[in-house]
Each structure stands twice: as C-alpha cells, then as structure tokens.
Amino acid sequence: MGILDGKRILVAGVTMDTSIGFAAAKVAQEQGATVLISNFGRALNITKRIAKRLPVTPPVLELDVTDADHLAALPDAVREHVDGLDGVVHSIAFGNPETLLGGKFLTGPWDDVAQAVHISAYSLKSLAIACRPLLSAGSSLVGLTFDATVAWPAYDWMGVAKAGLESTARYLARDLGPEGIRVNLVSAGPLKTLAAKAIPGFEELDSMWAGRAPLGWDNTDQIPTAKAICALLSDFFPATTGEIVHVDGGYHAMGA
Ligand code: NAP
C-alpha cells in the first residue's frame, strides 16, 4: 500500500527524465497515485516520449502557465482522464539565462524580469486557480523553490522570482486554507536538470554544497526531493500549509 493510493495528481513541468517533475511523477505512481503530467510548446513532444519511461505512461496535457486559454481549458482537459484532482505539483520556472542570471543582476531588463516572475512565481497562483474547480478539502498543492532568504552567486533575478514564489505560496495557503487546500514548497539543493544547466555559474553554487551539507548531497539524485513532494501531497501532513520543507542535505541550517 502506498501513501498516495487512490490520489489523482497533476505534475506540471516535466520535460526530461532529469526533471524534478519526472521524479515526482515516478514516486507518486510508485505510491499508488494516478498521475497526469504537463508541459508546453515545442518540448511537448519530448515530454510525450519521456512519459513512456514512467512506470505507467501518463496522459500528457499541454499547459503554458502564461496562456489564459490553456489555464481556462485545464479543468476539462483533466476531466478527460480523471474526475478531479487531489494534488498538483508546480515544477516550473524560467528566467532568461542571457540577461538575468550568472552575474547579470545589475543589468537585468524589466521585461525579462517580468517574464521570470510571471512564469516562476505568479504562475503558482494561476495554476492553483485553474485547478480550483477540481480540488476539494484535503487536496494539496506543492511547488519547488531554491532558498530565497539569501543572495546566491549566479542566481540573481531567479532568486527574486523565487522570493516571490515563496510569498505567493504563503498567500495562497491563507486564501485556500478555508477550503481545506494545503499549499507548501520544497526547497531543493542544486540538481543537474535542464533548468539548472542553463544557469551560467551553476557549478559555483553546486560546488559549495556537498562539502557543507551535513548529510552530503548528490546533485544527480532527484528522488529525495520527489519523496518530500509526495509526502506533502499525501495525508501525512494534514495540518501543514504555507510551509517550506528543505531537501538540501541540511545545507540551509549550517552557518559555514
Ligand atoms: P526542468 O526540468 O527544466 O523543469 C522546469 C520546467 O518548467 C520545464 O518542464 C519547462 O518546460 C517548464 N516551463 C518553463 N516555462 C513554462 C511555461 N511558461 N509553462 C509551463 N511550463 C513551463 O528543471 P527542474 O530543475 O526540474 O525545475 C523544476 C522546478 O524545480 C523549478 O521551479 C526550479 O526552479 C526548481 N528547483 C530546481 C533546482 C535545481 O537545482 N534543479 C533546485 C531548486 C528548485 P521547457 O523545458 O519546455 O522549457
């Protein structure tokens, strides 16, 4: 018996089998969930191929979280496969690596910052509201952050977008709590995914981790992060919302 037996989960943001969303979908299926995944644009065909590597090939939905038509159509697209959702994973971020990341903080242009905040922070609210008609008391929304309480090398405007995401999660927790819907984030350490490899200077961030994290850190292992996502999706955190759970080998708790 799994901790997600009978649950219906949408994982938004799966491109490759290195995607954190892919690992979340895999662990969720192993724990008994019926899973749907989504992605957008040209990568949709890649996602459809990658989906076959999951234990059960899930339906792949098209969802650009900045597209109002996609968001409006989401409930009906989901209902073609399941009659509601018990959990939603937001595993989505984007910031232009050429203008916003890798030491570009002082020159990052507003249009690109606005896009990063729209896709990486505001979209948690957009996704939650799009899914709201499918959710009921006991449902859980989980997103992914990279600790935004401090300034990091290279992360620059994505750090600002993550600070927005963390705040968005708290306000969503406030406004959806009365409906019995929980909203939490997992703060993962650096993992070698497509998004991470696009960050110029990611290695600098990454190189600090293994030495300082008391539990050590494997930047190729998405499973600990996926397990925490699934724990938050499960009924084992019934009174937890507005929380950020660190899955970083303990890095965040060390002073040096
Ligand atoms: P990933 O595999 O590149 O996943 C990011 C996903 O976001 C991709 O599927 C991407 O699609 C999708 N996306 C981008 N713009 C979108 C849009 N407008 N609408 C819908 N989907 C969109 O990288 P990941 O590392 O697993 O990232 C997942 C989450 O974990 C992100 O929030 C990331 O910031 C967070 N996180 C990552 C790390 C890390 O070190 N990797 C650490 C902490 C937190 P395309 O591939 O088609 O662009």
* Given R₀ = 35 Å, FRET efficiency for E62-M254 by Cβ-Cβ distance, to 0.05? -> 0.25
* **DSSP-assigned coil residues among GluC sites (Glu not before Pro) in segment 96-191, each with at most 11 further Cβ atoms within 10 Å** => E98
* Structure fact -> Here the tail fraction of P(r) beyond 28 Å, over all Cα-Cα pairs of segment 39-180, rounds in percent to 25
* Structure fact -> Rounded to one decimal in Å, the inverse mean reciprocal Cα-Cα distance for the chain, i.e. its Kirkwood radius, is 18.2
* Taking only DSSP H segments of four or more residues, each worth -39500 (n - 2.57), what value at 222 nm results for the chain once the sum is divided by all its residues, to the nearest 500 deg cm²/dmol? -> -11000 deg cm²/dmol
* To do: Give me the accessible area of T220, 1.4 Å probe, in Å² rounded to the nearest 10.
  => 100
* Enter the accessible area per residue of segment 138-253 (Å², integer; probe 1.4 Å; all protein chains in place). => 42
* Each residue of segment 100-109 in turn: what ³J(HN,Hα) in whole Hz from Karplus with 6.51, -1.76, 1.60 and θ = phi - 60°, glycine and Pro shown as x? -> 10, 10, x, x, 9, 4, 6, 10, x, x
* Structure fact -> So the number of lysine pairs in segment 8-253 with alpha-carbon atoms under 29 angstrom apart, 8 or more residues apart or on different chains, is 28
* Which whole-Hz couplings ³J(HN,Hα) result when phi for each residue of segment 42-54 is put into the Karplus expression 6.51 cos²θ - 1.76 cosθ + 1.60, θ = phi - 60°, listed in order with x for Gly and Pro? -> 5, 6, 4, 5, 5, 4, 4, 6, 5, 4, 5, 7, 7
* Structure fact -> Taking trypsin sites (Lys or Arg not before Pro) in a DSSP loop with at most 13 other Cβ atoms within 10 angstrom as exposed, one finds the longest site-free stretch of the chain at 54-256
* For segment 160-176, Karplus couplings with θ = phi - 60° (6.51, -1.76, 1.60), whole Hz, Gly/Pro x -> 5, 4, 5, 4, x, 4, 5, 5, 4, 4, 5, 5, 5, 4, 5, 7, 9
* At what distance in nm do the modelled label points of D83 and V150 sit from each other, each positioned 7 Å from its Cα along Cα→Cβ? -> 5.0
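The values are calculated or read from the model by the stated rules, or taken from the named source; none is laboratory data. Model, not experiment: these values are computed from the prediction. In this analysis, Cβ positions are derived from the backbone assuming ideal geometry, glycine residues included, and neighbour counts consider all displayed protein chains. Keep in mind that these areas ignore ligands, DNA and RNA; they rest on the heavy atoms of the full protein, side chains included. Shrake-Rupley method; radii C 1.70, N 1.55, O 1.52, S 1.80 Å.
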